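The values are calculated or read from the model by the stated rules, or taken from the named source; none is laboratory data. The shown structure was predicted, so the numbers you read here are calculated from the model rather than taken from an experiment. FYI the Cβ positions are ideal-geometry reconstructions off the backbone, even for glycines, and counts take in every protein chain you see. When the accessible area is computed, the model is the full protein with side chains, heavy atoms only, and any ligands, DNA or RNA have been set aside. Shrake-Rupley method; radii C 1.70, N 1.55, O 1.52, S 1.80 Å.
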Amino acid sequence: MATIIKEEKLSSIEQFNCNSCGNGLEVFNPRAKYISCQYCGSVLDTKSEQHEILMSMSPPTEHQPMSFIKVGLLANFFDKKYQVIARTRWQQDYYEYWSEEGETGYSRELWIYDEWLMISEQRTYFYLVEDKDGYYISEEIVPDNPSLPNESSHWSFMKNQRPQIINEYGSASVIYFEGESNYQIKLNDLIQFASYKHKNTIYTAEWRINELNNQIKEIEFFKEDKISKKEIIQAFENNEELDGLRRKGEIWQWLTYGAFASAILFFVLMFTSFGGTKQVFTQTFNFAELNDSALFKSKPIQLDETGLYCIELRGGIEVTNSEAFVLAYFLNNEDEVINHLDGDFSVYSGFDSDGYWTESTEEADKLVKVKETGTYHAKLMLDREDAVTGSVTLNIFSGVVLTRYYVIGWLIFLLLGFIFRSSMKKYF
Amino acid sequence: MALFAREFECPSCGGRIKRENAASKSLGCPYCGQTSHVSGDSLSMAGTPNLLIDYGSMFSVGMVATLRGRRFRVSGKLRIAYEDGFWDEWYIQFLDNNQDAWIQEDDGGFILFEPATDYERLSFHDIKVGGYYSFSNAYQQVFVTSKSRAKVEGGEGELPFAIIPGDIADFVEGVEDGKVISMEILPKETHISVGTPFKLDEVSLN
């Protein structure tokens with residue numbers, strides 16, 4: 001759709017300073033009678049010598065454009081050069097058709113959209129409509145079978161179209177405008193509208209009511225075709241202003257890619273970490289060997305690598321409805337305690353209204369950071385009732401990684417990716 | 001057509017005004033903007049001089065161009081002012097058959113209007129926008145899309161009827177079967193014409 005050629009901006013027919021804020025204003029359309037200052041929101045008379053202020057609107061900062069498009073930018077559409085000369089912001093209060101699980105109806109909605117007025121070198125126009133869902137090129141058409149919607153929920157005004165469901169109807173009013181206008185746009189200017197969709201095109205009828213006699217004053221028919229954001233970027237590519245925005249967009253784009261790539265990396269690491277451990281030591285102690293008055297020393301534990309190790313105690317109680325407490329110290333070859341681990345092991349069972357139940361606690365573990373290689377050992381102590389028999393196994397695993405950090409990293413980068421992507425979409 | 005060409009002297013400024021079409025009833029002086037009515041061999045002033053501002057239209061009086069393969073000459077221009085602005089109507093003749101037509105230029109939109117042969121006299125006040133009316137035998141179900149009371153701001157070149165700048169005229173526009181039907185109710189005459197929109201790309205300059 002768009003052809004990119006480096007071109008100059010259109011020649012303005014008049015330049016003057018805003019009577020309110022002093023910023024420079026340019027008029028491009030010879031027919032323009034009014035101009036709304038894009039810096040302060042004052043509406044000025046373009047035709048009078050003094051360019052009197054006719055009205056003032058709320059500051060433009062309250063009605064920022066939804067994307068990079070702004071008054072003054074150049075664009076190439078339909079192989080022609082256009083310039084953005086005005087924007088009208090509309091607020092719709094309307095009913096939208098819905099259909100769900102066999103039921104249908106209309107729900108009341110509020111919606112905001114911008115209507116950008118584009119003027120060509122030949123002083124022809126078209127409207128580019130922008131809302132949060134994207135962009136549409138709006139074109140006034142002459143209907144084959146003109147009508148306004150009636151009580152029916154179906155309607156069409158073009159040949160070769162069966163009546164379609166009216167997907168939106170309601171009113172729209174002007175809440176802000178900037179740039180040039182041939183007629184004096186007034187805040188709260190109200191139009192009624194109804195639209196239906198046929199294939200990928202939206203067909204709309206708009207009509208204005210004459211406030212004096214409450215009769216319809218004018219009816220216009222439009223068709224709107226969606227245009228992709230990529231095509232919009234291509235159409236506006238010729239603007240220096242867009243270069244800066246594009247650079248910012250590219251920064252956000254790379255941040256987005258980086259964040260998502262990191263998220264993927266953390267996700268992969270998280271999975272690979274599950275199978276990366278290796279058992280380097282195991283020893284089982286019968287309860288008979290242990291007691292609470294003396295520490296029982298394990299066999300030497302040879303650790304040839306520094307890093308994280310997982311110390312695990314697995315308790316095996318042979319008597320139901322009993323419990324045992326095991327305390328294990330982890331010591332270096334100088335008999336210094338560098339960490340400890342305890343486990344409360346138990347086995348309980350019984351009957352209740354749901355039948356037989358059993359409950360046990362058989363495992364306790366802890367991560368230990370080993371800073372030096374060498375020979376280590378453990379010392380264990382047991383506290384139990386005499387009748388409680390069983391054993392406890394001490395296992396030590398190397399290659400342990402902190403999986404939870406991978407999960408946290410994955411979540412953080414995923415979240416950052418979406419935040420960056422949202423910022424990027426403001427530019428692309 | 002050149003056989004009927006002749007020159008007049010503007011009754012206001014004395015400038016020479018050329019008339020190409022013997023049927024033209026109004027002439028606009030290109031020097032002072034005075035509109036004059038042709039009566040026999042002389043001109044009589046109608047209204048006060050008003051040089052129409054050129055708003056950068058592609059068209060101009062005297063130019064020859066081609067629209068959809070048909071060459072035409074622009075003979076005159078009529079400017080109508082209404083509540084929300086104004087529009088221009090370019091009076092043209094197709095060179096292949098001398099048929100008269102109008103090009104309406106309004107806010108960058110263009111419609112080629114060709115005169116219809118008959119019309120039904122309608123009461124401007126009774127017409128409601130959004131209603132269906134019979135405008136002529138050929139267009140009996142016209143859906144009215146707008147009506148406005150407007151002022152003839154002035155003319156330029158040759159026009160086929162006697163205009164007086166400042167005159168009030170009623171305009172009704174409607175649609176039937178993909179065509180724009182326009183009715184102009186002037187103080188002394190009513191015109192109905194049938195239009196089809198076109199884009200400037202369809203016009204080539206000769």
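For this structure, a couple of remarks:
- Test: residue in segment A:390-410 that is surrounded by fewer than 16 Cβ atoms within 10 Å (Cβ to Cβ), closer than 16 Å to residue A:314 by Cβ and touching a residue at least 24 places away in the same chain (Cβ under 8 Å): yes
- Number of the condition not met by residue A:387 [criteria: (1) at pLDDT below 90; (2) in a strand (DSSP E or B)]: (2)
- For residue B:89, the conditions (1) on the phi > 0 side of the Ramachandran plot; (2) within 20 Å of the chain's Cα centre (by Cα) all hold with the exception of (1).
- The numbered conditions (1) out of contact with any His (no Cβ under 9 Å at 6 or more places or on another chain); (2) buried (at least 17 other Cβ atoms within 10 Å of the Cβ) are all true for residue A:329 except (1).
- Residue within segment B:49-65 that is touching a helix residue (DSSP H, G or I) at 6+ places or on another chain (Cβ under 7 Å) and open to solvent by less than 40 Å² (accessible area, probe 1.4 Å) present: no
- Scanning segment A:91-111 for residues that are open to solvent by 30 Å² or more (accessible area, probe 1.4 Å) and within 14 Å of chain B (Cβ to nearest Cβ) turns up nothing.
- Residue satisfying condition, being outside the structural domain of residue A:365 (by TED's automatic domain parsing) and over 26 Å from residue A:372 (Cα atoms), within set A:260, A:345: A:260
- All strands (runs of 3 or more DSSP E) inside segment A:20-87 with 2 or more residues being away from chain B (no Cβ under 14 Å) and open to solvent by less than 20 Å² (accessible area, probe 1.4 Å): A:34-36, A:42-45, A:74-77
- The set of residues in segment A:119-153 being under 19 Å from residue A:63 (Cα atoms) and of a type outside the set (Phe, Trp, Tyr) consists of A:128, A:129, A:130, A:131, A:132, A:133, A:134.
- Some residue of segment A:145-157 being under 25 Å from residue A:29 (Cβ atoms) and in contact (Cβ under 8 Å) with a residue 60 or more places away in the chain: no
- Elements of type strands (runs of 3 or more DSSP E) contained in segment B:38-134, each with 3 or more residues being in contact (Cβ under 8 Å) with a residue 40 or more places away in the chain and either of a type in the set (Ser, Thr, Tyr) or out of contact with any Leu (no Cβ under 6 Å at 6 or more places or on another chain) (or both): B:64-67, B:70-82, B:85-94, B:100-106, B:109-115
- Selection from segment A:214-265 of residues that are of a type in the set (Asp, Glu) and within 14 Å of chain B (Cβ to nearest Cβ): A:218, A:220
- Flag for residue A:135 being hydroxyl-bearing (Ser, Thr, Tyr) and either surrounded by 18 or more Cβ atoms within 10 Å (Cβ to Cβ) or not assigned by TED's automatic domain parsing to the domain that holds residue A:222 (or both): yes
- Some residue of segment B:163-172 being within 14 Å of chain A (Cβ to nearest Cβ), buried (at least 20 other Cβ atoms within 10 Å of the Cβ) and within 22 Å of residue A:219 (Cα to Cα): yes
- Any hit, segment B:147-155, residues being surrounded by fewer than 20 Cβ atoms within 10 Å (Cβ to Cβ), more than 14 Å from chain A (Cβ to nearest Cβ) and of a type in the set (S, T, N, Q): no
The rows are residues; the columns are (1) closer than 23 Å to residue B:189 by Cα; (2) within 14 Å of another protein chain (Cβ to nearest Cβ); (3) small (Gly, Ala, Ser).
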{"site": "B:8", "(1), (2), (3)": "no, no, no"}
{"site": "B:45", "(1), (2), (3)": "yes, no, no"}
{"site": "B:56", "(1), (2), (3)": "no, yes, yes"}
{"site": "B:84", "(1), (2), (3)": "no, yes, no"}
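- Filtered residues of segment A:140-198 (kept if touching a Lys or Arg at 6+ places or on another chain (Cβ under 9 Å) and of a type in the set (Ser, Thr, Tyr)): A:156, A:176, A:181, A:183
- Restricting attention to segment A:280-300, the residues that are farther than 18 Å from residue A:343 by Cβ and under 53 Å from the mean Cα position of the chain (by Cα) total 1.
- Unique match (being crowded, with 17+ Cβ neighbours inside 10 Å and either closer than 18 Å to residue A:71 by Cβ or more than 14 Å from every other protein chain (Cβ to nearest Cβ) (or both)) among A:157, A:126: A:126
- Some residue of segment B:86-95 being within 13 Å of chain A (Cβ to nearest Cβ) and open to solvent by 30 Å² or more (accessible area, probe 1.4 Å): no
- Residues located in segment A:164-181, provided they are open to solvent by 20 Å² or more (accessible area, probe 1.4 Å) and over 30 Å from the mean Cα position of the chain (by Cα): A:164, A:165
- Test for residue A:114: is it open to solvent by 30 Å² or more (accessible area, probe 1.4 Å) and either among the β-branched types (Val, Ile, Thr) or under 30 Å from residue A:36 (Cα atoms) (or both): no
- Within segment B:16-46, tally of residues that are surrounded by fewer than 18 Cβ atoms within 10 Å (Cβ to Cβ) and of a type in the set (Gly, Ala, Ser): 6
- Within the set A:211, A:180, the sole residue that is within 14 Å of chain B (Cβ to nearest Cβ), assigned to a strand (DSSP E or B) and not basic (Lys, Arg) turns out to be A:180.
- Qualifying residue in segment B:123-136 (condition: closer than 29 Å to residue B:20 by Cα and either within 12 Å of chain A (Cβ to nearest Cβ) or among the charged types (D, E, K, R) (or both)): no
- Residue check for residue B:60: over 16 Å from residue B:154 (Cα atoms) and among the polar types (S, T, N, Q): no
- Residue ID - nearest to the other protein chains (Cβ to nearest Cβ), chosen from residues in segment B:179-196 that are open to solvent by 20 Å² or more (accessible area, probe 1.4 Å) and closer than 21 Å to residue B:130 by Cβ: B:179
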